[in-house]
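Asks: Below are the structure tokens for one structure; questions will follow.
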Amino acid sequence: MSDGSYAPARGLGHKLEAPKVGDDVVGRDEHVRRLCDAEGARLILLHAPSGFGKTVVMAQILDEMRRRGCACGWLTLDRADNDASRLVTGLQAAIDRLGATPGTPAESETGNDGTAMVELLGRVADLTEPFALFLDDFETLHEDSVLTLIARLIQTLPAHGRLIVGSRKIPDLPMARLRATGEMLELDMRALSFTREETGAFLASARGVDLNEADQTRLHSKTEGWPVALRLASIVLSEARDQSGFVRDFSGSDRLVSDFLAENILDTQDAEVREFLLRTSILRALEPQLCEALVPGCDGAALLERLAAANVLLNRIDGTAPVYRFHSLFAAYLRARLASQHPEELPRLHTAAMEWYLANDRPVPAIDHGIEAQAIDRVLALVGEVGQACLEQGRIRLLTRWFDMLPDDRVADEPRLCLMKAWAYCFTRGPREAAAVLDANRLEAEAGEVGAEALSIRTMIRAMSDDFRGAAEIGREALDRAACSSRYSRTVLANCMANAFSVLGAPDAALENLDEARAELGGPEDAFNTMYSESVQGLIDLQENRFREAKARFRLAASARRSDDRRRFNGNAWAGVPLACVRYEEDAQDEAEHLLQVFLPIVRDVSLPDHLILSHVTLSRIAFWHGQVDHAFRYLAELEQVGQRRRLDRVVAGARLERTRLYLRQGNLSAARHQIDRARNNALWEEVRDLRLPANDLDTRDITEARVLLAEGRASEALDILDAESAAAEPRHRRRRLLVLDFLRAAALLRLGETGRARETAGNALRIAAREGYRRLILDEGEPVADAIRAWAGPALSGDLPRRDPVFAEWLQALSDALGPGHAAGSTEVSRHAPLDPLTKKELQILRLLSEGYSNAAMAEKLFVSDSTVRTHLRNINSKLDTASRTQAVAAARQLGILG
């Protein structure tokens, strides 16, 4: 353990095996047949309180699907799977059993990055044969990041894939659309309850209980067909002398059932078995040797086999090794009884479990049991041994979980642990909580390595708080002291300073620090800093208009991984959000949305301003282009709310700038003007002016003001702003900004009638854009820029450009097709007259929503009508206005004054 390394995770096998269906289990043939025969069902959900036989029915479905030749994978979830990286590890292992190419087994607690989720979903999408993935005990999941992953998994499933979920409660998943489209089937408590006939069959098969008809009916009524209550009752009934008396006194209350029957089960066992059951109840999985460590002198394997054979609510859960688990109700009861009757035993038992796990080189459960045992000295020493490896390998949420459970005053006694805690909180809770750790422990005042590393953390805190000048100032002092700090600290500091210098407009200093960071990297094990270095380099490339290089950097950053973990990505939101943005730029909107939904919970937790803005803005644009206008506005409202709550002025302004652009896309000029005026914060924009911030490279108040002026017909005023912005960007080598400014300048010149200059400016910008492969950067600018591009592209494509430069011509043609025909400069609009048959009130509603960008589905949802009704209204609108498309209908309505 002294080297701080981990052995690969073991013990996952018990989570991957469905419970064996015994002879005493009632076949739920009707349910199984209906669910297996269902076509088009992405999600099959079994939800009911504990003990309704969800797992048994799922196991029967699995057996039937396998009989039909369908590949199946199983994963039993637990609360530890709220760590996204642990969940992904389990899902990857389950997918391996579907026949996918297996990867190297991965540690179960290995980080929190969303990029591993992306790889997982990609593997699912690539499966070519029919398959079903079973997730049991889903109610244990509650973290937003893992629920988002499962939601994306459902959306990613190919037509021949199914997800079967068992949960005690209705999960927080997007199920409304799946229900509406028939892609989801459910079995609830009522469906899973035994019928009267099934109750009789179960009692007879389980324990040979032969109750008379009246007692069977009474017992069925009291239990309401609850399978676990019937199983518990059958255990007692098989030995009861007065079966009718037992049935008469039996209570159907959930708590009474669990307490009464569990006590009867436990009290009927001999002393050796009772001791064994109580003392092993603290374990999630019962392995024979581990049980022997907790109950010295027992024969673990023999006792487990005996209990399983006696159906004492114990299931074998591993297909090869003899590993078992208690029924959850029984385990909870046993733990409560242990705590009540033998509280003094709990520390000893957890200590014994900790020692056994340590002896088997499994530090994660060892530390967990050590915390329960209050063996704080031992746990602190263990965390001290492995914590640095956790940081380097990106296992940061694992560290955060441990520090949350350790006493603050004890951690405060160990400066090295305080540093680990500050790093962990910085990257999972955000800069404020990390600063609180530094301040409470006065770490910067420490001499030597501790003080030097604390300065590195403070530098990162300043950068993550949007104070890059402060970060550079503190960072210079930290660099002077960096020689005595850890390699991890030196590397993070160099990366942080590279980022700060890049933002401050000192690219040479940024690249110098990046070189120093890369020189410190320790190979594949240093996944976090590898990701960080490549992400910073990618951001520098992007702002200097090296889009293709930036894209390659972000992909490399996202794929940083440990040498012993070929399946797992160790990138995180630093790389994931920029990668999503470049995929959006290439118009791969589904993939971009997929990435952002995975990373969004992480981004919100840490509150990196640029990543917050970029992720929400990009999701808003994707939603708008999909016609989900309400969702587009919702993302911006959430962004503004986060900025206000965290007191991040730039984030609030970013939401308002993008809302301005959204209103411009809708043609709502008064609302756009109101939003841009609300973004007026002179102090903020004076600060931002000279900073190279990723989220404000193309979106500042002045540039957005120019966009509004163009839409308002004030092209001359817009051009003055754009010329000034170009003059400021040129000496600072802000190449990507210059490109967008040239497109906007071309639009202003065209509106001013300077067609020659407009075409020349647009043509030069188009050649640069084509070289780098831009697309959304142009499409998102709307009609003013589209008109300028059409003015140049039309003649060029009809001339000899396709012959002279076929690659450029192909790109330009694809861009022109995406822009649509528009109105050529100088063309006259078709003269229109008011429709003879006036539009109805509902048609006017449809037309207004259409003008605002709503899709058919979104209009149907908003107006509480069907898609077919919306299509009928659209046909009527086109007929009355003598138009042939949605775009033409909106244009005609504006010309006629029907729309403002």
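None of the figures in this text is laboratory data; all of them are computed from the coordinates on show. Keep in mind that what you see is a predicted model, and the values were worked out from it rather than measured. Don't worry about glycine lacking a Cβ; one is built from the backbone with ideal geometry, like all the others, and counts go over all protein chains shown.
Asks: What number comes out for the charge environment of P288, summing +1 per Lys or Arg and -1 per Asp or Glu over other residues with Cβ under 10 Å away?
Replies: -4
Asks: Using 0.36 nm per residue of separation minus the Cα-Cα distance, give me the extension gain between F633 and R804 in nm, one decimal.
Replies: Additional length available on full extension: 57.1 nm.
Asks: Using amide H atoms built 1.01 Å from N in the peptide plane, name the residues 5+ places from T76, or on other chains, whose amide H lies under 5 Å from its own.
Replies: Distant-sequence amide H within range of T76: L16, E17, D136.
Asks: If you take semi-axes √(5λ) of the Cα gyration tensor in Å from the coordinates, which of [x] 57, 38, 21; [y] 65, 35, 20; [z] 47, 35, 26 do you get?
Replies: This structure yields the entry labelled [x].
Asks: Same structure again: Hey, what did the stretch 841-896 get for relative contact order, percent, Cα under 8 Å, at least 6 apart?
Replies: 34
Asks: Ok, one more. Lys and Arg at +1, Asp and Glu at -1: add these up for the other residues within a Cβ distance under 12 Å of E754 and post the number.
Replies: Within the 12 Å Cβ shell, the charges total +3.
Asks: Next question, about the same structure. For the chain, build the charge dipole from Cβ charges (+1 Lys, Arg; -1 Asp, Glu) around the Cα centre, then report which of V323, L750, L815 sits farthest towards its positive end.
Replies: Positive-most Cα among the choices belongs to L750.
Asks: Treating cross-link reach as a plain straight distance, find the lysines whose alpha-carbon is under 25 Å from the alpha-carbon of K421, omitting any fewer than eight places away in the same chain.
Replies: none
Asks: To continue, here is another question. Quickly work out the D720-to-R416 label distance, labels modelled 7 Å from Cα along the C-beta direction, and quote it in nm with one decimal.
Replies: 6.5
Asks: What whole number of Å gives the distance from the Cα centroid of the stretch 632-657 to the Cα centroid of the stretch 602-618?
Replies: 10
Asks: I want the local charge near N513. Using Cβ-Cβ distances under 13 Å, sum +1 for each Lys or Arg and -1 for each Asp or Glu among the other residues.
Replies: Neighbour charge sum, excluding N513 itself: -2.
Asks: Please give the peptides 630-636, 553-559 ranked by average Cβ packing (other Cβ atoms within 10 Å per residue), highest first, as a rough proxy for protection.
Replies: 553-559, 630-636
Asks: Further, regarding this structure: How many angstrom separate the Cα center of the stretch 58-92 from the Cα center of the stretch 404-458?
Replies: Here the answer is 39 Å between Cα centres.
Asks: Okay, moving on. Amide H of D587: which non-local residues (sequence gap of 5 or more, or other chain) have their own amide H closer than 5 Å, using H built in the peptide plane?
Replies: Residues meeting the amide H criterion: R776.
Asks: Is the stretch 841-896 rounded, prolate or oblate when judged by the Cα gyration tensor, a ≥ b ≥ c being the square roots of its eigenvalues, rounded requiring a/c under 1.5 and prolate requiring a/b larger than b/c?
Replies: Cα axes put the stretch 841-896 in the prolate bin.
Asks: Let me ask something additional. In percent, what relative contact order does the chain have, based on Cα pairs under 8 Å that are 6 or more apart in sequence?
Replies: It rounds to 9 percent for the chain.
Asks: Moving on. So which lysines pass the test for K54, namely a Cα distance under 26 Å, with those fewer than 8 places away in the same chain ruled out?
Replies: K15, K20, K169, K222
Asks: What are the residues whose amide H is under 5 Å from the amide H of R162, where those residues sit 5 or more places off or on another chain and H is modelled from the backbone?
Replies: Residues meeting the amide H criterion: F131, A132, L133.
Asks: Which value, in debye to the nearest 20, describes the size of the charge dipole of the chain about its Cα centre when Lys and Arg Cβ atoms bear +1, Asp and Glu Cβ atoms bear -1, and nothing else is charged?
Replies: That gives a dipole near 2620 debye.
Asks: Additional query: When the helix-only estimate is applied to the chain (DSSP H runs of n ≥ 4, each -39,500 (n - 2.57), divided by the residue count), what is the mean residue ellipticity at 222 nm, nearest 500 deg cm²/dmol?
Replies: One gets -20000 deg cm²/dmol as the mean residue ellipticity at 222 nm.
Asks: Out of the GluC sites (Glu not before Pro) in the stretch 647-728, which ones are loop residues according to DSSP with at most 15 other C-beta atoms within 10 Å?
Replies: Here the sparse-neighbourhood loop sites are E712.
Asks: Which one, H14, T55, M420, is farthest towards the positive end of the dipole of the chain when Lys and Arg carry +1 and Asp and Glu -1 on their Cβ?
Replies: With unit charges placed on the Cβ atoms, the residue in question is T55.
Asks: Set the Förster distance to 60 Å, then compute FRET efficiency between A359 and F864 from the Cβ-Cβ distance, nearest 0.05.
Replies: Here the calculated transfer efficiency is 0.40.
Asks: Additional query: Using a/c under 1.5 as the rounded threshold, could you call the stretch 196-250 rounded, prolate or oblate? The axes a ≥ b ≥ c are square roots of the C-alpha gyration tensor eigenvalues, and prolate needs a/b larger than b/c, oblate otherwise.
Replies: rounded
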